[in-house]
Amino acid sequence: MADQAPLSVSALTQRIKMSLERTFPSLAIVGELSNVKLHSSGHLYFTLKDEASQISGVMWRSRVPSLKFRPTDGQKVVVQGRITVYEVRGTYQIDVSSMRTLGAGDLQQAFEELKRKLMEEGLFDAERKRPLPPYPEQIGIITSPTGAVLHDMLHVFRRRYPVASLVFRPTRVQGAGAAQDIAEAIAEMNRFGGLDLIIVARGGGSLEDLWSFNEEIVARAIAGSKIPIVSGVGHEVDVTIADFVADLRAPTPTAAAELSVPDRRALIELLENSRYTMASAIEDRIARHRRDIRQMLKSHALHRPVDLLARHSQHLDELTRSMSTSLSHLFELTAARARGTTERLHALDPRSVLKRGYAIVRKQGRITGKRKELAVRDALEIEFADGTVRSTITDI
Amino acid sequence: MAGKKPAAGKDSFEESLHRLEEIVNQLERGDVPLEDSLRLYEEGIQLSRLCAEKLTRAETTLKRLHKDLDGKLTLMDEEQE
């Protein structure tokens, strides 16, 4: 294949220019303004961008007076214009004939589109929602350093749950770069680690003011956070995309603080209840042991240790009363006594004596332990461990 | 003044509460020997006191997450009004 005749740079640029300008003679573009500069010549230069791309723009001096607002960085605008190529630099730009701010209708449409898209991806699914830790110790707070929001939330934490320590990352919450800033803050808190929970908050405002929380970059950052996130943006009626993605949506910033931590009054009550439960469990336990000791004494059918039982009961009463003080010590004492009693009761049981080789001698059914109670030809019963025999005295 | 990243220690509030809950359950079941249950009771009372004390005495702290030029994240003391 033969080499094509080389084109001059100008010839190529001329072709690009013709191609582009013919393809895009007039169009409307939506994007965010940045690098807005009103040059001393009177021309307005700016960059129009979204998350992924950007294009240079210019509005010539003659058109500038038709603007109904003062373009500033971060504003969402719709421009009408055509693509032109600036041959000297080999760049293309949009030559803007008119520009308007994005209206409520446009925002609503963008909101619905992003909502639909993220919903289809499953980002709002209930299964994705993580449970909040019941007792967060370190809470990240992402909000504006100015305004009442931080102060109001701080007040809630002080009142409800002073155990929590707060880690605050100030961000812009509206205008140019705010969405980016919020997303970065979420990523930084994840990188920092040690946080149990993150609250993303902003006070009330117009749909435009709250717009950062409807940006995809913020939604993605929330979805990507390893730490559970509570959103508290605007007033009750305001719902943002961030709310849909968050693990918990709170209606306001202060509500976000309230929903994030337990109430200390309820906890103190819980602690009191647990003390009561423990005490009654122990009391029951002691009562049961008291019954056991009674049962044991009864089964030995002996009379003498009754006073021992009384002493035991007294000890158990004492034990119950002074439970909160030197409980263990008291108990050990009582337990040792209880063990001693059991052993003594065993020793007193005649049957254990018989096992050691002794025998019980009865005359007419009564135990007899003295020689002088007996006479020749008396009938005796002799009880051994393994049974009883009858015998008669032949000699004294 | 730069602060350090506080780690969730063994004596964290949540762990104390969990331990207390465990003790209450054990005592309620009553399936531990009496001597052990008295030990548990004492531990439980102490834990509940410590927790209550924390709840009444703790003061909310506020730190600022600061990123230095190397991208290193630290905690700074935050002005509190």
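Among the DSSP helices (H) of chain A, those spanning at least 24 angstrom by Cα along their long axis with an average Kyte-Doolittle hydropathy of -0.5 or more are A:327-348; this is a geometric and hydropathy rule only. In the stretch A:352-392, a dipole from Cβ-located charges (positive for Lys and Arg, negative for Asp and Glu) runs towards its positive end, and of A:G387, A:V361, A:A375 it is A:A375 whose Cα lies farthest in that direction. Treating cross-link reach as a plain straight distance, find the aspartates and glutamates whose alpha-carbon is under 13 Å from the alpha-carbon of A:K115, omitting any fewer than eight places away in the same chain. Cα-Cα hits under 13 Å: A:D125, A:E215, A:E216, A:D243. Restricting to the stretch A:9-102, compute how many DSSP beta bridges are antiparallel as a %, nearest 5. Bridges in the stretch A:9-102 that DSSP calls antiparallel: roughly 95 percent. Placing +1 on the Cβ of every Lys and Arg and -1 on the Cβ of every Asp and Glu, with no other charges, gives chain A a dipole of roughly 2180 debye about its Cα centre. The mean count of C-beta atoms from other chains within 10 Å of the C-beta of residues in A:274-287, rounded to a whole number, is 6. Residue by residue along A:10-23, Cβ atoms of other protein chains within 10 Å of the local Cβ number 0 on average. Evaluating 6.51 cos²θ - 1.76 cosθ + 1.60 at θ = phi - 60° for every residue in the stretch A:61-77, the Karplus couplings come out as 3, 5, 8, 3, x, 7, 5, 9, 8, 9, x, 9, 4, x, 6, 8, 9 Hz, glycine and proline recorded as x. Taking A:E373, A:E51, A:E208 in turn, the Gaussian network model of chain A (Cα-Cα springs below 10 Å) assigns the largest fluctuation to A:E373. The GNM of chain A, with springs linking C-alpha atoms under 10 angstrom apart, assigns the highest mean-square fluctuation among A:L107, A:L380, A:L12 to A:L380.
Taking amide hydrogens as modeled 1.01 Å from N in the peptide plane, which residues meet the under 5 Å criterion relative to A:Y92, leaving out close sequence neighbours? For A:Y92, whose amide H was placed from the backbone, the distant partners under 5 Å are A:Y86. Of the residues A:A183, A:A246, A:A375, the one that moves most in a GNM of chain A with alpha-carbon contacts below 10 Å is A:A375.
Going Cα to Cα from A:K370, which aspartates and glutamates come in below 17 Å? Please leave out same-chain ones fewer than 8 positions away. Qualifying aspartates and glutamates at Cα under 17 Å: A:D378, A:E381, A:E383, A:D395. Taking Cα centre as origin and charging only the Cβ of basic (Lys, Arg, +1) and acidic (Asp, Glu, -1) residues, the dipole magnitude of the stretch A:9-102 rounds to 280 debye. Where both bridge residues fall in chain A, DSSP classifies roughly 65% of the beta bridges as antiparallel.
Counting other beta carbons within 10 Å of each Cβ, put B:K54, A:K226 in order, fewest first.
Values: B:K54 16, A:K226 11.
In order of increasing Cβ crowding within 10 Å: A:K226, B:K54.
When each of A:D247, B:D68, A:D73 is scored by the number of other beta-carbon atoms lying within 10 Å, the sequence from fewest to most is B:D68, A:D73, A:D247.
Taking the charge dipole of the stretch A:108-261 about its Cα centre, with +1 at Lys and Arg Cβ atoms and -1 at Asp and Glu Cβ atoms, the residue from A:P145, A:H235, A:V261 reaching farthest to the positive side is A:V261. Taking every alpha-carbon pair under 8 Å whose residues sit at least 6 apart, chain A reaches a relative contact order of 9 percent. Rounded to the nearest 20 debye, the dipole size of the stretch B:13-58 about its Cα centre is 260 debye, using +1 on the Cβ of Lys and Arg and -1 on the Cβ of Asp and Glu.
Say the dipole of the stretch A:49-146 comes from +1 at the beta carbon of Lys and Arg and -1 at that of Asp and Glu; which of A:F111, A:A126, A:M99 then lies farthest toward its positive end? Working it through, the farthest residue towards the positive pole turns out to be A:M99.
All of the numbers you see were taken from the coordinates with simple rules; none came from a lab. Predicted model only: the values in this text are computed from it and were never measured. Note: ideal-geometry Cβ built from the backbone for every residue, glycine included; neighbour counts use all protein chains shown.
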